[in-house]
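Beneath this line is the structure, given in C-alpha cells, with notes to follow.
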C-alpha cells in the first residue's frame, strides 16, 4: 500500500487493471504481516515476492500507457461555474465519443454523438481517450456596437479532451460550459501543407422522445423566386414532436428551439470562419436525435469553389452552441457573440448604429426615384433618424450624379445614405442592379472607394447564395473590404448571424427572416404575422441583429392587416437591429397621434441592455430594452383573445410611473396614459393581436 501511495497510483485503478486480466486480487490483513494473493478464490501464495513481481508488471503497464498517451479515464465531466449544468463525455460501445447534458439534475440531452470524418481519417469511432486537460476558467468582458447588450460578459469552465484514432492521429474536443449553456468545437492540432477534407460531422443532439420543438424549415438550394433560396425566410413550425421530419431535404435551420424536461434549449453555431461551411440540422431526427447537415451542392460561388470544409492543419471548427435554461435565459443570452472571433477591425469610429427611413417596403420599385427619396430623407430628418436607405436599381433610376446630390442634401439634414447592391454572381437569376459589383474583389474595392468618397455611409447587399465554404469566404472578404472603406453592411437574402457582428462591427444587421415585405406580398403572410412575430424574440433575434423592417400603420395595397397599430408600434422595441429600417411612409407617419410620433423619436439608435419579462413562443411576448437610464417595455399578443397580464418589473429598477401607449377600445387606434407601478407590478390587458409600449424617463 505504501509503495502505491508513494507512486501516486490510485489503488482503485490498480484493481481495475487486474479485473481485466482475471480474478486476481489482494487481501491485506489487519496486522499487515502477511499479504495473501487470491486467484479464482484460492490462496496461491503468502510470500511478498509474487506481489512485488506483479506490482512491477502493473507499474510497467501504467508506464507504457503514459508513453502512448492513453488515459484510464472512462468519462469526463465539465460543470458550469454555478454547477447547474453538467456535461459528461465518454466513449460508447463503438468507441465513439458521446456526451450527455444535464441541467438542474434534469436530463436535457441523452447520449449524443461527437466526431468528425475526414477524407483521410475517421475520428468518429474506434477512438481512445488520450489526455484530459485540467479545467480552465474563461472570464472576459467585451463591447458590442450593434447588439442586444452593449457590455457583455462571459464566464465558463473549459476542458480539452484529446482522442486518438486507430492510426494514432489526434483530434481535440474543446468544451466550454457557462451558466446559460454548453459550447464545443473540434480541433486538429497538427500541421500540414496539404489540405484536409471533412466529409461528415458526426455531431448529434439527442433529445428525449417526449421533448418538443420549434423549428424553421431550411429551403432547398436554388428554389423559390429567381432561385434565391436558401435565405432563412420561412415560418417556424411550433410545438412539434422532436421526431418530426423537415418538409424539405435541406432540413431545419439554426437557431432551433426545444423544450426538454421543462428546460428550454436553443441550438445554433458561432465562430464560423472561411475554413468551414455553415450548417443546419438534418431532415430526419429518428427518436429525437438531430444530426448536423452540410450545405447542398449549389450553395457556393461557382461549381468548382469550396462547398464542404477543407483546410490545412491546424484547423478548428465552429462552436456548436446549446443554450440552456428558462425562456429569460434563452432570450437574454449572448453566447453567439461570446464565442465569436473578436473584432478584426481596428478603427470602428465610423460604426454608428441607428434608425432609417425606407421607401421600398410599402411603395416598392417605383419609389426609387430622386424626388421620393428626398421625401424619405426629410422623414428621417423630422424623426431624428440617422439614415435613409435607397433600394434597388438606384443606379438606373437615379444615377450616381443625382445620388451625389441626394447625399449632399441628406448630409445637410444630418442623415446618412445607405445604398442597395445585388450580391449575385451566377448562383441565382435575379436581375436587379447594381449587379456584378460585389463579388469580384477588384471591382468591389473600386466601388467601395467611389461611394465612400461620395459620402455613402453603408450598403445593403442582397441575394446571397447559401452556406457553402466559398460563400462564407465571400462574406468575410466583403465585410473586411467594407470596413477598410468605412462602410456599414446590412445583408439581405442571407445566412443567419453567427457572431460576425463582433468580428466585423461594421456588420450592423442581417435579414435572415421572413420579414415585413412578405406581409405585403401575400394575404396568408399577413394572416400569420402576429404568431410569427411572437416567435422571433425567442429564436431568430436571439442570435443577432434582425432586419425585419417593422412598424406599418398605413394600409397595404391588396392586403388586410391582422395586427393592430399598437402591435406595430411595439415592434419598434420588440425587434432589435443595428440599423432599424422602418416600413412606414411620410404620409402614414403624419397621420399618427403626436404621442406616437414622439415615441418613435425617442427610440434610441442602439440598446445597452435587455430584460425578458414574460411570454411564450408564438403566443405573446413582453420584454424591455434599456438605453442609458431609460427603459422601454413592449408587449405583443398573437392570439385572438385578450390576455390579462400582471408584470413584475422589479428587474428594471425603473421609476414608479411611466407612459403607456396601447390599443384603444376599438382596437384600431391608440390610447395613452400615465401608469403607476404598485410594488414593481403593473397589470394590463393585451387585446387580440394587439400590443403596447411603456417607457420610463
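The values are calculated or read from the model by the stated rules, or taken from the named source; none is laboratory data. Because the structure is predicted, anything quoted here is derived from the model rather than measured. Cβ coordinates were reconstructed from backbone atoms using ideal geometry, including for glycine residues, and neighbour counts include every protein chain displayed.
Annotations for the structure displayed:
Conditions (1) surrounded by fewer than 19 Cβ atoms within 10 Å (Cβ to Cβ); (2) in contact with a helix residue (DSSP H, G or I) (Cβ under 6 Å, 6 or more places away or on another chain); (3) more than 24 Å from residue 336 (Cα to Cα), marked per residue:
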| site | (1), (2), (3) |
| --- | --- |
| 224 | yes, no, yes |
| 232 | no, no, no |
| 236 | no, yes, no |
| 249 | yes, no, yes |
| 254 | no, no, no |
| 260 | no, no, no |
| 277 | no, yes, no |
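- Verdict on residue 389 being under 21 Å from residue 586 (Cα atoms) and not in a helix (DSSP H, G or I): yes
- Residue count for segment 281-331 satisfying the condition of being within 27 Å of residue 538 (Cβ to Cβ), out of contact with any helix residue (DSSP H, G or I) (no Cβ under 9 Å at 6 or more places or on another chain) and assigned to a loop (DSSP other than H, G, I, E, B): 8.
- Residue in segment 119-142 that is assigned to a strand (DSSP E or B), under 23 Å from the mean Cα position of the chain (by Cα) and within 30 Å of residue 197 (Cα to Cα) present: no
- Per-region count, segment 508-518, residues in contact (Cβ under 8 Å) with a residue 40 or more places away in the chain and under 16 Å from the mean Cα position of the chain (by Cα): 5
- Residue 660 vs. criteria in contact with a strand residue (DSSP E or B) (Cβ under 8 Å, 6 or more places away or on another chain) and closer than 18 Å to residue 537 by Cβ: no
- Of the residues examined, residue 157 is one that is more than 20 Å from the chain's Cα centre (by Cα) and over 25 Å from residue 286 (Cβ atoms).
- Of everything in segment 174-192 that is farther than 21 Å from residue 265 by Cα and either outside the structural domain of residue 203 (by TED's automatic domain parsing) or modelled with pLDDT of 95 or more (or both), the residue that is surrounded by the fewest Cβ atoms within 10 Å (Cβ to Cβ) is 191.
- Failed item in (1) free of Cβ contacts under 8 Å to residues at least 60 places away in the same chain; (2) crowded, with 20+ Cβ neighbours inside 10 Å; (3) touching a helix residue (DSSP H, G or I) at 6+ places or on another chain (Cβ under 7 Å); (4) within 30 Å of residue 254 (Cα to Cα), with residue 439 passing the rest: (1)
- If you go through segment 342-399 and keep only what is closer than 30 Å to residue 154 by Cα and in contact with a strand residue (DSSP E or B) (Cβ under 9 Å, 6 or more places away or on another chain), you end up with 342, 343, 350, 351, 352, 353, 354, 355.
- Among the residues of segment 496-524, those that are surrounded by fewer than 23 Cβ atoms within 10 Å (Cβ to Cβ) and part of a helix (DSSP H, G or I) comprise 503, 517, 518, 520, 521, 523, 524.
- Filtered residues of segment 80-90 (kept if assigned to a strand (DSSP E or B) and either buried (at least 19 other Cβ atoms within 10 Å of the Cβ) or at positive phi (or both)): 85, 87, 89
- Once segment 392-409 is narrowed to residues that are in a loop (DSSP other than H, G, I, E, B) and touching a residue at least 40 places away in the same chain (Cβ under 8 Å), the residue that is surrounded by the most Cβ atoms within 10 Å (Cβ to Cβ) is 392.
- Looking only at residues of segment 161-182 that are part of a strand (DSSP E or B) and under 23 Å from the mean Cα position of the chain (by Cα), we find that the one that is farthest from residue 575 (Cα to Cα) is 173.
Yes/no per residue for (1) under 28 Å from residue 389 (Cα atoms); (2) free of Cβ contacts under 8 Å to residues at least 24 places away in the same chain:
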{"site": "568", "(1), (2)": "yes, no"}
{"site": "573", "(1), (2)": "yes, no"}
{"site": "578", "(1), (2)": "yes, no"}
{"site": "590", "(1), (2)": "yes, yes"}
{"site": "602", "(1), (2)": "yes, no"}
{"site": "612", "(1), (2)": "no, no"}
{"site": "617", "(1), (2)": "no, no"}
{"site": "622", "(1), (2)": "no, no"}
{"site": "639", "(1), (2)": "no, no"}
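- Test for residue 282: is it at negative phi, in the same structural domain as residue 103 (by TED's automatic domain parsing) and surrounded by 18 or more Cβ atoms within 10 Å (Cβ to Cβ): yes
- Scanning segment 676-691 for residues that are touching a helix residue (DSSP H, G or I) at 6+ places or on another chain (Cβ under 6 Å) and part of a strand (DSSP E or B) gives a single hit, 691.
- Residue in segment 618-627 that is crowded, with 16+ Cβ neighbours inside 10 Å and more than 17 Å from residue 575 (Cα to Cα) present: no
- Within segment 459-495, considering residues that are assigned to a loop (DSSP other than H, G, I, E, B) and in contact with a helix residue (DSSP H, G or I) (Cβ under 7 Å, 6 or more places away or on another chain), the one farthest from residue 151 (Cα to Cα): 465
- The set of residues from segment 155-169 being surrounded by fewer than 18 Cβ atoms within 10 Å (Cβ to Cβ) and over 21 Å from residue 323 (Cα atoms) comprises 166, 167, 168, 169.
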